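S.K.: My questions all concern the structure below.
The values are calculated or read from the model by the stated rules, or taken from the named source; none is laboratory data. No experiment lies behind these values; they were computed from the predicted model shown. We place every Cβ from the backbone using ideal geometry, glycine too, and count neighbours over all the protein chains shown. The area values use the complete protein model at the heavy-atom level, side chains included, leaving out ligands, DNA and RNA. Shrake-Rupley method; radii C 1.70, N 1.55, O 1.52, S 1.80 Å.
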Amino acid sequence: MLDGFDMVVLGVVLPVFLSGHVWGMTPATASMVSTSGLVGMMIGALAIGTVTDMIGRRKALVVSVAGFSLFTLACAAAPSLVVFGALRFLAGIGLGGCLPTAITRVAEHQAGRGKSAGATTIVMTGYHTGAVLTSLLGIVLIPAFGWRVMFVAGALPALVLVPLLLKYLPESPSFHLQAAAPGGSARAGRRAVLGLFQRGLLPTTLLLWAATFLGLLLVFGLNTWLPQIMRQAGYPLGTALALLLTLNAGAVAGMLVAGVLADRKGVRGAAIVWFVGAALFLAVLSVRLPAVGLYVVVFLAGFFVFSAQALIYAYTQRVYPAHAKATGLGWTAGVGRLGAITGPLLGGALLSAGIAYPWGFYVFALAGALAAVLLTSIRPRRNPATAPDVGAGVGLDGAVP
């Protein structure tokens, strides 16, 4: 939910910044602020997988949540655009570690039941529930209290969440095993990183990184700029924010359906279908639609776009060995953050040129189609020489039902 808040909060406050000329902000400088937070998230995601394999999932998640919340609260008091961008960068470092750690922990817990994909998508419903709540908060709070209150609201959950994590979150059994092994955690980080490229995994790793680049380009491009694109298309601000809420409501529904389908039919195949669906409905958004049809298509775009990326995250838990799962997901998410940076920059450039509607939707649809092609290029192979993860039911090379 915290990650979902962060993903949407700029999309909610940017129209206020731009219309009110806060700190003289323009679409170009707004894109730079968005990029600063995403660079921080990329650094956090790249580092957190190795850190968790060295110090444990529990400690890493607590530190990530606390750090993100502290710097998000500080954003509410930012006196200038430069300070605001710097605080977004620091908050991003903390936030970058939250999602990979949480997904890895629940996927480990559910692997023996054959429901790791469903567990991943259920966690990701929190991601988009946070996005929906943030959109609602923006509609209710900003007119009454201004944009700063949004960052106070984003920091407050840590007051409850950190104590709950400390009291109830158990450490990963796989971390206990590797910590007790010869060399302990000192060698764990290097071993985990090398595990992403060994035993024939190099092509799969590179393809997953590229697909995640495109998936996060869609996720962050849409959530950052959908309200402003719709305003450029002639819709009022209230309708534009309502469409952002609809987009993320569709994402929650898509997560629940995608997880069940992936556990039954296979994660990779489900991800391909979901990216194709994303491309289709994004392309339809380039056409001027009646009110009801517009909300339906935006809902369906959200249904496919966000679940598709969640399924890539779930697939990493099937591909990599137990000691490298957190690192594999962290590096996939971290490298993919380059796409999260590109999406808002691309949207800002299209808006500045005055062609975001309809060309932005054509570009986003193309990204979805390319991601489907990349995932189709992965060739899962069963490798008798490698032992499958305990309870996962799949080989290390990514062969899945």
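S.K.: Given the criterion outside any loop (DSSP other than H, G, I, E, B) and within 26 Å of residue 265 (Cα to Cα), identify the matching residue among 124, 150.
M.R.: Criteria check complete, one pass: 124.
S.K.: Please determine, by comparing only the residues of region 95-105 that are modelled with pLDDT of 85 or more and either surrounded by fewer than 24 Cβ atoms within 10 Å (Cβ to Cβ) or among the hydrophobic types (A, V, I, L, M, F, W, C) (or both), which one is farthest from residue 262 (Cα to Cα).
M.R.: Filtering region 95-105 for residues that are modelled with pLDDT of 85 or more and either surrounded by fewer than 24 Cβ atoms within 10 Å (Cβ to Cβ) or among the hydrophobic types (A, V, I, L, M, F, W, C) (or both), the one farthest from residue 262 (Cα to Cα) comes out as 95.
S.K.: Can I ask one more? Looking at 38, 10, can you tell me which residue is aliphatic (A, V, I, L, M), over 24 Å from residue 328 (Cβ atoms) and crowded, with 20+ Cβ neighbours inside 10 Å?
M.R.: 10
S.K.: Do the conditions hold for residue 390, that is, is it open to solvent by less than 10 Å² (accessible area, probe 1.4 Å), of a type in the set (A, V, I, L, M), assigned to a loop (DSSP other than H, G, I, E, B) and modelled with pLDDT under 80?
M.R.: no
S.K.: Still on this model: Which helices (runs of 4 or more DSSP H) sit wholly inside region 184-280 and have at least 1 residues that are at pLDDT below 85 and within 30 Å of residue 356 (Cα to Cα)?
M.R.: Helices (runs of 4 or more DSSP H) meeting the threshold: 202-232, 237-265.
S.K.: Just to verify a result, which residue in region 165-175, among those that are surrounded by 11 or more Cβ atoms within 10 Å (Cβ to Cβ) and of a type outside the set (S, T, N, Q), is modelled with the lowest pLDDT?
M.R.: Among residues in region 165-175 that are surrounded by 11 or more Cβ atoms within 10 Å (Cβ to Cβ) and of a type outside the set (S, T, N, Q), the one modelled with the lowest pLDDT is 175.
S.K.: Give the residue that is farthest from residue 35 (Cα to Cα), with candidates limited to residues of region 346-372 that are in contact with a Gly (Cβ under 7 Å, 6 or more places away or on another chain) and not hydrophobic (A, V, I, L, M, F, W, C).
M.R.: Filtering region 346-372 for residues that are in contact with a Gly (Cβ under 7 Å, 6 or more places away or on another chain) and not hydrophobic (A, V, I, L, M, F, W, C), the one farthest from residue 35 (Cα to Cα) comes out as 360.
S.K.: Let me ask you something else. Of the residues in region 215-244, how many are polar (S, T, N, Q), out of contact with any Pro (no Cβ under 7 Å at 6 or more places or on another chain) and open to solvent by 10 Å² or more (accessible area, probe 1.4 Å)?
M.R.: Looking only at that region, the number is 2.
S.K.: With the checklist (1) open to solvent by 20 Å² or more (accessible area, probe 1.4 Å); (2) within 18 Å of residue 165 (Cβ to Cβ) in hand, flag the one item residue 110 doesn't pass.
M.R.: Result: residue 110 fails condition (2) only.
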